[in-house]
Amino acid sequence: MKKGDIILCAAVCIVAAIFALIFFALKKDGKTVLVKIDNKIVDEYPLDTDRKIVLEHNTAVIENSKVQMIESDCKNQICVNTGKISKRGECIVCLPNKVILEIR
Ligand SMILES: [Zn+2]
């Protein structure tokens, strides 16, 4: 192995490690859930407190640091079928009602 090859190999490894770290950081557990309606933030709740979030057309719950839409009057029910989210950046979207729950 030439010296250049070793340096190249090390560089590739470092870059891979950095990408893995970024990926890991993005997948970190969230701290709060943002409630957005019509693209405006209307509320923010901490994930460490279990509660029910009752909105005009939707009902969500925070339970064991996870958020789930349990009820919605929309036709497609995609938001309800999304299931539980808990990682930073994940979100539940209810397009018909313009509701977004986003983990921060
Ligand atoms: Zn929906």
Tilt relative to the chain, helix 3-26 - C-alpha long axis, 0 to 90 degrees, to 10:
10 degrees
How many angstrom lie between the C-alpha centres of segment 69-104 and segment 24-54?
11 Å
Once the principal axes of the Cα atoms of the chain are found, what is the range along each, listed largest first in whole angstroms?
66, 28, 23
Isolated cysteines for the chain, Cβ-Cβ cutoff 4.7 Å, are 9, 13, 74, 91
In debye to the nearest 20, how big a dipole does the chain give about its Cα centre with +1 on each Lys and Arg Cβ and -1 on each Asp and Glu Cβ?
480 debye
State which entries of 40/84; 31/84; 31/98; 28/52; 40/66; 66/87 exceed 19 angstrom in Cα-Cα distance in the structure shown.
40/84; 31/98; 28/52; 40/66
For the pair residue 42 and residue 76, how long in nm is the line joining their label points, each one 7 Å along Cα→Cβ?
1.9 nm
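Coordinate-derived values only; no laboratory data. What you are looking at is a predicted structure, and each value in this text was computed from that prediction instead of being measured. Here the Cβ is made from the backbone with ideal geometry for all residues, glycine too, and neighbour counts use every protein chain on show.
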